[in-house]
Amino acid sequence: MRMTGLFFNTLRETPADAETVSHQLLVRAGYVRKLTSGIYTYLPLMLRVIKKISGIIREEMDAAGAQELLMPILQPEELWRETGRWEVYGKELMRIEDRHGRMGALGPTHEEIITALVRDEIKSYRQLPINLYQIQDKFRDEIRPRFGLLRGREFLMKDAYSFDADEAGLEENYQKMARAYTNIFNRCGLETRMVRSDSGAIGGSVSHEFMVLTGTQSGENDVLYCDSCDYAANSNRAESRMPPADTNGKFPEAKEVDTPGIKSIEDLAGFFGIEQSAICKSLIYIADKKPVMALIRGDRAIEETKLKNALGADDIRIAGDAEIRECTGLEPGFLGPAGVNIKIVGDESIKELENFVTGINKADKHLSGAGWNREIELPETIADIRLAQPGDICPECPGKLEITRGIEVGNIFKLGTKYSEKMKANFTDENGREKPFIMGCYGIGVSRTAAAAIERYHDKDGILWPMAIAPYHAVVVPVNVSDELQMSTAEKIYNDLLDSGIETVIDDRDERPGVKFKDADLIGFPIRITVGKTLAEGMVEVKSRVGGEVLKVPLEQAAARVRELKESKNV
Ligand code: ATP
Ligand code: MG
């Protein structure tokens, strides 16, 4: 490809709405352009990256025995009604009405469509197992589309669905997919960690996410992992044991105390001279439109996804002060479980509280020295609704949990019969009995993977693509296009490289060398061949984008050197 003909534009300025590095670099280096919120055009450079990632995915999925198909993006309401997700999926589902008033949606995921298909096509256990996948644009009206390709409203996903006759078959498919995913991300040059996760709106019992760990850098997820064993989980799912803490307020008796204007846990601990861990904290949430009270030890925080699961709710959010007064009649800042007539869920951490401090739903008052089933009833529902923290003890060994940020690039779920039962998708087993299919589903964010690679690999000058997913392998830069010898030499190297299968660009633009080098770094061509002054000595310069020094290479060895470099960087 000739740079004079390449459809791209680099920008010197960082776009104002781009918060993350990948978003900034993708726009600045001419990979994407925004059409509207969360929706992007992939320019030619981007499409090449997307095709490379998709190519690796296809090879590994096929090798794992899956078959590619392509389902429609537009999905009819009826199928979503069969599973109940027409309501449950909520506002993220992009709904559409056709000219006949029939409702449908732009697919955010395809469980309903694939289950309906397999229900019609597969009748017998003899046709199982089967694993079907597609690579296609998905639509989700995300509350906060942001970070460019990391969280779009239209994005490219690989989604696969497995159908088995029994649990053992599902387990086998699940493990195959876990291995395929590890291979896919490795081949993309990305190290990932498989972490346990919450199953969310897709449902099912067991699920894992593949995370690109970004340390303290960007990444929307927190991952807790054990420093001693291989336990790792998304923070919305991580379990932990708490290190010892002082959970006894040591008050000799229970007493109502005036606490004028003292609302925060920190102020309360100071006022009473106790540890925050001897306070029972009460919070009001709105779960599926109804208020609920959640209780937790004062020094710990609620994990909303865990709370949502404990309640079996579809939707949850913290209530505002005005809302608390309005729906419960209770006084924010002085909340407590005593005499409350809404649902209460307590975290396991409250059980060990003794002689503790709690609100009693009276303004400017607290109760000190409270005890469970003495002054206050221990709530009936006790569950793990606590956010695990670094420093907590691993749930599986005596090790300590640590925390890192991560970007979820893939996700695997054991769905079981969640969809097949609701949709009456059955097969006949070897004894002639009708049984629902046992399903699994497996997603990869293709466009998000590209962005995650940039989050992971960049420097101040631009992108450091892993070789396997770079749009091109090399760029040849003639320093001065009006120098005939430089130009003809550059053309020769360019053609030699193309002939030997190296995907190469020649920067034949009549620009200052500084501009060309800056653009090459920004776009992130992994190898640069510079044809300039050293040509007088019969040499050209070969440089690796990643930490490479400039190598002077005799002209006739240039193409061979580039091929070697490319091979050495291929994973
Ligand atoms: P998240 O928790 O980030 O919203 P999810 O659990 O909703 O992700 P899945 O439904 O499992 O995601 O989708 C499969 C994969 O698709 C994810 O692992 C992720 O890589 C990708 N993905 C999901 N939502 C988006 C989005 N809005 N933009 C880009 N990629 C996405
Ligand atoms: Mg999501």
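Summary of values
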quantity	calculated
From L106, L150, L93, residue being surrounded by fewer than 21 Cβ atoms within 10 Å (Cβ to Cβ) and in contact with a strand residue (DSSP E or B) (Cβ under 9 Å, 6 or more places away or on another chain)	L106
Filter result for V540 (open to solvent by less than 20 Å² (accessible area, probe 1.4 Å), over 30 Å from S22 (Cα atoms) and without any contact (Cβ under 8 Å) to a residue 24 or more places away in the chain)	no
Within the range 239-312, strands (runs of 3 or more DSSP E) holding 1 or more residues that are within 19 Å of P379 (Cβ to Cβ) and open to solvent by less than 30 Å² (accessible area, probe 1.4 Å)	280-287, 290-297
Subset of the range 65-90 (residues that are crowded, with 20+ Cβ neighbours inside 10 Å and aliphatic (A, V, I, L, M))	A66
Helices (runs of 4 or more DSSP H) wholly inside the range 433-536 that include at least 2 residues being surrounded by fewer than 19 Cβ atoms within 10 Å (Cβ to Cβ) and touching a helix residue (DSSP H, G or I) at 6+ places or on another chain (Cβ under 7 Å)	484-499
Sole exception among (1) more than 13 Å from I463 (Cα to Cα); (2) open to solvent by 50 Å² or more (accessible area, probe 1.4 Å); (3) of a type outside the set (D, E, K, R) for V546, by number	(1)
Unmet requirement for E78, which otherwise passes all of (1) without any contact (Cβ under 8 Å) to a residue 60 or more places away in the chain; (2) in a loop (DSSP other than H, G, I, E, B)	(2)
Complete set of residues in the range 364-396 that are under 17 Å from M293 (Cβ atoms) and either open to solvent by less than 10 Å² (accessible area, probe 1.4 Å) or of a type in the set (G, A, S) (or both)	H366, A370, I376, A383, I385
Whichever residue in the range 165-192 is β-branched (V, I, T) and modelled with pLDDT of 95 or more and, among such residues, is farthest from ligand 2 (Cβ to nearest atom)	T182
Checklist (1) open to solvent by less than 20 Å² (accessible area, probe 1.4 Å); (2) touching a residue at least 60 places away in the same chain (Cβ under 8 Å) applied to P337, failing item	(2)
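Conditions (1) assigned to a strand (DSSP E or B); (2) within 16 Å of ligand 2 (Cβ to nearest atom); (3) small (G, A, S); (4) in contact (Cβ under 8 Å) with a residue 24 or more places away in the chain, marked per residue:
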position	(1), (2), (3), (4)
N131	yes, no, no, yes
Q134	yes, no, no, yes
I143	no, yes, no, yes
F155	yes, yes, no, yes
F163	yes, no, no, yes
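The values are calculated or read from the model by the stated rules, or taken from the named source; none is laboratory data. The structure presented is a predicted model; accordingly, all values stated were derived computationally and were not measured. Positions of Cβ are generated from backbone atoms using ideal geometry, with glycine treated the same way; all protein chains shown enter the neighbour counts. The protein model used for the area step is the full one, side chains on, heavy atoms only, and it has no ligands, DNA or RNA in it. Shrake-Rupley method; radii C 1.70, N 1.55, O 1.52, S 1.80 Å.
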